[in-house]
Amino acid sequence: MSSDIKVDKEMDLKGLACPMPIVKVSKGIKEVEVGQVLKAITTDPGALTDFPAWAKTSGNEIVETVTADKETHFFIKRLV
Amino acid sequence: MALKPYKAEELFDWVTREDCDFLLLDVRNNEEFGRFKVEGPHLKKMINVPYMEFIEHEEQSVAQVPHGEKIRIVCAKEGSAKYVGEILANHGWEDVAYLEAGIKSWGNLLAPKLIRAKDGYELYQFIRPGKASCSYALLYKGEMALFDPTRNLNFYESFAQQHGCKIAKSFETHLQADYISGSQQLSATAGATIFGNENDFQGAVFNYTPVKDGDVFTFSRPGGPEVMAIHMPGHTPGSTSYLIDNSYLISGDAVFILSIGRPDLGGKAVEWSKMLFKTVSTKIADLDDAVIVLPGHYMDWSELNQEKVFAASIGDIKKRNADIYGIKDEDDFIRFIRENMRKQPEVYAEIRKVNAGLLQVDEDEEEIMDLGKNECAASMAAGPHV
């Protein structure tokens with residue numbers, strides 16, 4: 001589960017169920033600068049469609065998604 | 001007023017009543033909403049405003065919800081519906097409730113309807129609105145036989161218990177492709193005997209008792225209703241209907257109220273269409289017009305009869321599907337099937353494997369595979385065929 005992307009902040013959202021991963025990532029993205037990348041680690045199966053939907057709503061970009069086993073790692077670039 | 005929970009059972013009760021008056025607010029993302037949603041004959045108002053929009057743009061999202069409405073919220077699990085419910089309550093909505101356990105509790109819900117309680121036996125239909133499908137139970141003196149049970153075993157077991165019954169038999173009308181059967185597990189946990197036709201189940205890796213055309217089943221104690229197997233190939237080569245007490249035909253996907261089971265799911269559309277034509281022109285043609293069909297699926301809520309049960313007589317069904325039963329020529333029948341063919345969901349191939357015991361998946365995966373409506377009818381009724 002590795003990626004070459006430079007990560008500026010990492011959030012461990014394992015074990016959290018909706019809406020908490022989105023509530024937290026919505027706050028977390030504001031703690032990095034525009035252009036920087038936030039890595040969010042989730043185990044909620046709903047995150048697979050909820051994160052892209054949230055990125056669209058919030059105007060940010062998921063640059064990479066890595067899924068292995070029950071974990072999904074989202075690399076989110078702050079755009080706004 | 002405080003935010004309150006409601007259950008899938010209540011939701012079904014509300015949406016099947018004429019006085020259904022609330023706004024259903026689904027807060028799942030657009031993709032999930034587009035794939036599968038709550039339905040009901042009297043559900044008039046439904047909107048989709050994803051919960052992530054409430055998180056990002058609270059004011060604009062709240063503005064999309066009409067004021068003064070009674071709000072019933074649905075989400076994937078429960079948490080997001082509660083979250084949005086609190087926002088609405090804070091903005092002055094007075095009657096707001098969230099679905100307990102989320103959309104999957106709706107997807108798995110079974111609503112029991114008594115069809116008949118006479119001559120010492122009881123016959124129930126369990127409507128599964130999430131799948132537009134029906135399973136059945138026949139009860140007689142402490143014994144219960146199930147027909148096409150879903151994987152919601154807790155439900156059947158507590159139903160049996162409430163009625164002082166033991167689940168003794170589980171009849172499969174065919175190898176299902178559209179939902180995961182509960183029979184295998186029932187056999188393991190309740191010790192029920194599974195029955196199915198060899199043409200469908202010969203590759204299955206669990207124990208089952210083969211059923212042949214004309215086989216008759218009875219209950220342990222004398223005087224109960226007889227269950228006769230009638231082989232009706234077409235939808236699948238092993239499709240079998242069960243005639244109860246010479247009066248009720250549990251038809252699986254062979255006969256529907258507003259269609260017939262599509263014969264093209266197995267990749268042999270012409271061959272299976274021929275089988276189906278033979279079934280229509282012999283087995284179904286031979287049935288008494290008064291026999292009541294209890295189908296495995298419904299296409300439309302208009303099929304509910306006055307008792308809010310999905311049931312219709314053979315005579316009525318032949319009239320309502322004159323376009324199908326009026327075909328006298330095999331080639332015309334094959335043409336009709338070809339003209340009505342639609343793509344089948346990709347997950348069907350996997351579900352068949354699970355139902356034959358050839359593929360093991362964990363509960364989360366089962367849940368995902370099992371959610372979504374069926375695609376089993378040969379024609380989709382735009383309204384009742386007259």
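Read the figures in this text as sums done on the coordinates, not as results from a lab. Values in this document were obtained by computation on a predicted structure and should not be read as measured data. No Cβ is skipped: glycine too gets one built from the backbone with ideal geometry, and neighbour counts run over all protein chains shown.
Quick look at the numbers
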{"read-out": "Local electrostatic count at B:E122 - Lys and Arg +1, Asp and Glu -1, tallied over other residues with Cβ under 13 Å", "value": "+1"}
{"read-out": "Distance between the stretch B:102-162 and the stretch A:55-80 - C-alpha centres, whole angstrom", "value": "43"}
{"read-out": "Size of charge dipole - the protein assembly as shown - debye, nearest 20, with Cβ of Lys, Arg +1 and Asp, Glu -1, no other charges", "value": "280"}
{"read-out": "Cβ-placed point charges (K, R +1; D, E -1), dipole of chain A about Cα centre in debye, nearest 20", "value": "240"}
{"read-out": "Karplus-derived 3J(HN,Hα), 6.51/-1.76/1.60, for each residue of the stretch B:222-232, Hz, glycine and proline x", "value": "x, x, x, x, 8, 10, 10, 7, 10, 6, 10"}
{"read-out": "Stokes-Einstein diffusion coefficient of the stretch B:201-256, Kirkwood radius over Cα pairs, 37 °C, 0.692 mPa s, in µm²/s", "value": "266"}
{"read-out": "Cα-Cα over 32 Å, subset of B:K166/B:K318; B:K278/B:K373; A:K27/B:K44; A:K6/B:K82; A:K14/A:K56; A:K24/B:K70", "value": "B:K166/B:K318; A:K27/B:K44; A:K6/B:K82"}
{"read-out": "Nonlocal amide H pairs with A:K9, under 5 Å, H built at 1.01 Å", "value": "A:V37, A:K39"}
{"read-out": "Cβ charges +1 (Lys, Arg) and -1 (Asp, Glu), total dipole of the stretch B:110-370, debye", "value": "420"}
{"read-out": "Rg [Å, one decimal], Dmax [Å, integer] - the protein assembly as shown, C-alpha atoms", "value": "24.7, 79"}
{"read-out": "Radius 11 Å from Cβ of B:K82, net charge of other residues (Lys, Arg +1; Asp, Glu -1)", "value": "-1"}
{"read-out": "Binned Cα-Cα distances of chain B, short to long, each 10 Å bin given as a whole percent", "value": "5, 23, 30, 24, 13, 5, 0"}
{"read-out": "Reference-scaled alpha-carbon Rg (2.2 N^0.38 Å with N residues) for the stretch B:4-105", "value": "0.97"}
